[in-house]
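Enquirer: Got a structure for you, written out below as structure tokens; questions coming shortly.
The values are calculated or read from the model by the stated rules, or taken from the named source; none is laboratory data. The shown structure was predicted, so the numbers you read here are calculated from the model rather than taken from an experiment. Note that we place each Cβ from the backbone using ideal geometry, even for glycine, and neighbour counts take in every protein chain shown.
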Amino acid sequence: MKKINKVVIPAAGLGTRFLPASKVVPKELFTIVDQPILQINIDEAKEAGITEVILVVSPRKSSLADYFSDDPELESYLEERGQQDLLDKVKAITSQIRVTIVIQEEPKGLGHAILMAKAAVGDEPFAVMLPDDLVLHPVACLRQMMSVWQEHQLGCAAVRAVPEDRIHRYGVIKVERSHERIHYVNHLVEKPSAVEAPSNLAIVGRYLLPPQTFAILEQLNPGAIGEIQLTDALQGLAASEGFLAYEFEGDHFDAGDRLGFTVANVSYGLAHPEIGDELRQVLKELI
Ligand code: G1P
């Protein structure tokens, strides 16, 4: 069985919904309580057994690479002051994980961003995590999906049921047959209208993909909103070797949206061992 060791994290978007904050700070480094969104994703990847992160950035966001570079000055500052807990947090960023940065020169869509990672991934299955999507659960969403991979060795996307008025924001699957949380997919549509949507099951940004995905992406023409869409490549997989969708366990937050980002902060705050109880009390008083 082929083990999945690498994850591609596309982080090339401009984050315009968060301007002016995202003008200088990439939205992937915005904090959820006390962790950058990107770090939450990396920790989830590590929990799923991933050993290499391939981060796809735009030329404007090359500063994201700074997050992963050593900072001896900061480390000796913390060491001199005996702040071991903070030093550990800084060192943990790159422990047990290798980070490769790939540049996407032009914003041609999610599928195109993933294609930029082709050489770095090579001829092996890989995971994709869209950092805006956060899933809070004791067993990381990607780890749950690895169990599906071990059993089926087929490409797989995380899905959840969403209300009709939000379905147009997502890639949506058509289910051929299901077994518990696993669905066999025979059709996928990127950002359908509520009327066109083949189901209410929307893709959340976690995927496990075979290396053939790159060959399919290379053949694609621009799809929805004029961009090369990853969902269209998944359609190619569904039509050939087969494709699965997995209804994960956990609460999903779209941290790429102002409301979703705020709700994620409150939810992660409530689950936080140090501030959770106090936050619960403050929220009760506020409301
Ligand atoms: C992307 C995918 C879409 C998926 C969504 C999940 O869309 O294209 O299929 O449902 O992520 O967050 P985006 O959010 O980049 O518009």
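Enquirer: Which of (1) surrounded by fewer than 20 Cβ atoms within 10 Å (Cβ to Cβ); (2) within 13 Å of the ligand (Cβ to nearest atom); (3) within 24 Å of Gln35 (Cβ to Cβ) does His137 not meet, given it meets every other one?
Expert: His137 satisfies all of (1) surrounded by fewer than 20 Cβ atoms within 10 Å (Cβ to Cβ); (2) within 13 Å of the ligand (Cβ to nearest atom); (3) within 24 Å of Gln35 (Cβ to Cβ) except (2).
Enquirer: Quick check on the range 235-245. Is at least one of its residues of a type in the set (S, T, N, Q) and more than 15 Å from the ligand (Cβ to nearest atom)?
Expert: yes
Enquirer: Restricting attention to the range 97-136, which residues are closer than 24 Å to Gly260 by Cα and touching a strand residue (DSSP E or B) at 6+ places or on another chain (Cβ under 8 Å)?
Expert: Leu110, Ala113, Ala127, Val128, Met129, Leu130, Pro131, Asp132, Asp133, Leu134, Val135, Leu136
Enquirer: Can you report the number of residues in the range 219-245 which are polar (S, T, N, Q) and surrounded by 19 or more Cβ atoms within 10 Å (Cβ to Cβ)?
Expert: Number of matching residues: 3.
Enquirer: If a residue has to be away from the ligand (no atom under 16 Å from the Cβ) and touching a residue at least 12 places away in the same chain (Cβ under 8 Å) to count, how many in the range 176-218 make the cut?
Expert: Within the range 176-218, residues that are away from the ligand (no atom under 16 Å from the Cβ) and touching a residue at least 12 places away in the same chain (Cβ under 8 Å) number 9.
Enquirer: Checking the structure you have, find out if any residue of the range 31-53 is assigned to a strand (DSSP E or B), out of contact with any Phe, Trp or Tyr (no Cβ under 8 Å at 6 or more places or on another chain) and buried (at least 20 other Cβ atoms within 10 Å of the Cβ).
Expert: yes
Enquirer: Could you check Asp66 against (1) out of contact with any strand residue (DSSP E or B) (no Cβ under 6 Å at 6 or more places or on another chain); (2) part of a loop (DSSP other than H, G, I, E, B) and say which number it fails?
Expert: Failing condition for Asp66: (2).
Enquirer: Output the residues belonging to the range 61-85 that are basic (Lys, Arg) and either more than 20 Å from the chain's Cα centre (by Cα) or more than 13 Å from Glu28 (Cβ to Cβ) (or both).
Expert: Arg81
Enquirer: Taking the conditions exactly as written (at pLDDT 95 or above, among the small types (Gly, Ala, Ser) and either more than 16 Å from the ligand (Cβ to nearest atom) or more than 14 Å from the chain's Cα centre (by Cα) (or both)), does Ala45 satisfy them or not?
Expert: So Ala45 fits the description; yes.
Enquirer: Mind listing whichever residues of the range 174-189 are in a strand (DSSP E or B) and surrounded by fewer than 24 Cβ atoms within 10 Å (Cβ to Cβ)?
Expert: The answer is Lys174, Val175, Glu176, Arg177, Ser178, His179, Ile182, His183, Tyr184, Asn186, His187, Val189.
Enquirer: Considering every residue within the range 141-158, establish whether at least one is at positive phi and either surrounded by fewer than 12 Cβ atoms within 10 Å (Cβ to Cβ) or under 15 Å from the mean Cα position of the chain (by Cα) (or both).
Expert: no
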